[in-house]
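Trainee: Sharing a structure below in structure tokens format, with a few things to ask.
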Amino acid sequence: MHIHLNRWLVWSFFVDPIDGTMNFVQQYDHFAVMVGVYRDGDPFAGIIHDVTNSVSYYGSKNTGIFKNGVEMPPVPDRDISEGLVSVSSYFVLEDRFAVQSLIKRSLGLRILGSAGIEFTEIFDQKQIAYISHLQPWDLAAGRFIAEKLGLRVTTIDGEPPSMLKSENVIISTKQLHETAMEVLHGKL
């Protein structure tokens, strides 16, 4: 008897035990625990736990996305002029990718210092975009949840993140993503 396995399943776990380490050390606020699960390189499940506020955002490929047990609706598709954006401080100070021009089109800028907390602000519809240089463990859980909620998650070049290296990424509503790509690449 021969058993042929056409494909091996490869499970990858991205764990960030203290996302927002400086916030944890200096403020004991605005930090999260994150776990992203990927199957054969594709997002499969994720959890972001906002430790200070005891709020968890989680779901899997076979479920919806939940916030402390209550299923979340998709995030409304809003344009840049309709919300707040979050951009890493380095990008703002150095005006990387002309982010200052993008920020000026929004209702304002926020910088929280934790990718996990930045993601939850978008999930809760308090912000509409987050732009930063992220490590795979900073991105894995939030990417999965964001995509399940109807958001776009790409590199600054508009490509899917590789999840094997740190990259410049944008997480946003679909309308904002289109505008951001034009502004960040000097077309607007």
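Trainee: Return a yes/no flag: does segment 13-20 have any residue that is within 29 Å of M181 (Cα to Cα), open to solvent by 30 Å² or more (accessible area, probe 1.4 Å) and touching a Pro at 6+ places or on another chain (Cβ under 6 Å).
Mentor: Yes, segment 13-20 contains at least one residue that is within 29 Å of M181 (Cα to Cα), open to solvent by 30 Å² or more (accessible area, probe 1.4 Å) and touching a Pro at 6+ places or on another chain (Cβ under 6 Å).
Trainee: A follow-up question, please. Looking at segment 159-188 only, could you name the residues that are open to solvent by less than 30 Å² (accessible area, probe 1.4 Å), over 11 Å from the mean Cα position of the chain (by Cα) and of a type in the set (G, A, S)?
Mentor: Correct list: A180 only.
Trainee: Another one. Which of the residues spanning segment 27-36 are modelled with pLDDT of 95 or more and either more than 18 Å from the chain's Cα centre (by Cα) or in a helix (DSSP H, G or I) (or both)?
Mentor: Within segment 27-36, none qualify.
Trainee: Determine the pairs where a residue that is within 11 Å of T120 (Cα to Cα), located within segment 130-151, has a partner that is among the polar types (S, T, N, Q) and buried (at least 24 other Cβ atoms within 10 Å of the Cβ) with Cβ atoms under 7 Å apart, the partner being 6 or more residues away or on another chain.
Mentor: From residues that are within 11 Å of T120 (Cα to Cα), the pairs are Y130/S86.
Trainee: Please name all residue pairs, on different chains or six or more residues apart, with Cβ atoms under 7 Å, provided the first residue is in segment 93-116 and is without any contact (Cβ under 8 Å) to a residue 12 or more places away in the chain and the second residue is surrounded by 13 or more Cβ atoms within 10 Å (Cβ to Cβ) and part of a helix (DSSP H, G or I).
Mentor: Every condition considered, the pairs that remain are Q100/V92.
Trainee: Sort out which residues of segment 37-53 are under 14 Å from F144 (Cβ atoms) and part of a strand (DSSP E or B), and write them in order of number.
Mentor: V37, Y38, R39, D42, P43, F44, A45, G46, I47, I48
Trainee: Determine which single condition F97 fails, assuming it passes every other condition in (1) open to solvent by less than 70 Å² (accessible area, probe 1.4 Å); (2) assigned to a helix (DSSP H, G or I); (3) at pLDDT 95 or above.
Mentor: Every listed condition holds for F97 apart from (3).
Trainee: Yes or no: segment 107-114 includes at least one residue that is of a type in the set (K, R), open to solvent by 40 Å² or more (accessible area, probe 1.4 Å) and not in a strand (DSSP E or B).
Mentor: There is no residue in segment 107-114 that is of a type in the set (K, R), open to solvent by 40 Å² or more (accessible area, probe 1.4 Å) and not in a strand (DSSP E or B).
Trainee: So, in segment 30-49, exactly how many residues are at negative phi, open to solvent by less than 50 Å² (accessible area, probe 1.4 Å) and not hydroxyl-bearing (S, T, Y)?
Mentor: Step one: filter segment 30-49 for residues at negative phi, giving 31-39, 42-49.
Among the residues that remain, those that are also open to solvent by less than 50 Å² (accessible area, probe 1.4 Å) are: 31-32, 34-38, 43-46, 48.
Next cut, not hydroxyl-bearing (S, T, Y) only: 31-32, 34-37, 43-46, 48.
Of the residues in segment 30-49, 11 are at negative phi, open to solvent by less than 50 Å² (accessible area, probe 1.4 Å) and not hydroxyl-bearing (S, T, Y).
Trainee: Then there is this: Would you mind stating whether T63 is modelled with pLDDT of 95 or more, within 16 Å of G36 (Cβ to Cβ) and loosely packed, with under 14 Cβ neighbours inside 10 Å?
Mentor: The answer is yes for T63.
Residue-wise test of (1) over 12 Å from L151 (Cβ atoms); (2) at pLDDT below 95; (3) surrounded by 14 or more Cβ atoms within 10 Å (Cβ to Cβ); (4) among the aliphatic types (A, V, I, L, M).
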position: P74; (1), (2), (3), (4): no, no, no, no
position: I80; (1), (2), (3), (4): yes, yes, yes, yes
position: G116; (1), (2), (3), (4): yes, no, yes, no
position: L134; (1), (2), (3), (4): yes, no, yes, yes
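The values are calculated or read from the model by the stated rules, or taken from the named source; none is laboratory data. It should be emphasised that the depicted structure is a prediction, and the values quoted were computed from it without experimental measurement. Virtual Cβ from ideal backbone geometry, glycine too; neighbours counted across all protein chains shown. We work out accessible area using only protein heavy atoms, side chains counted, and drop any ligands, DNA or RNA first. Shrake-Rupley method; radii C 1.70, N 1.55, O 1.52, S 1.80 Å.
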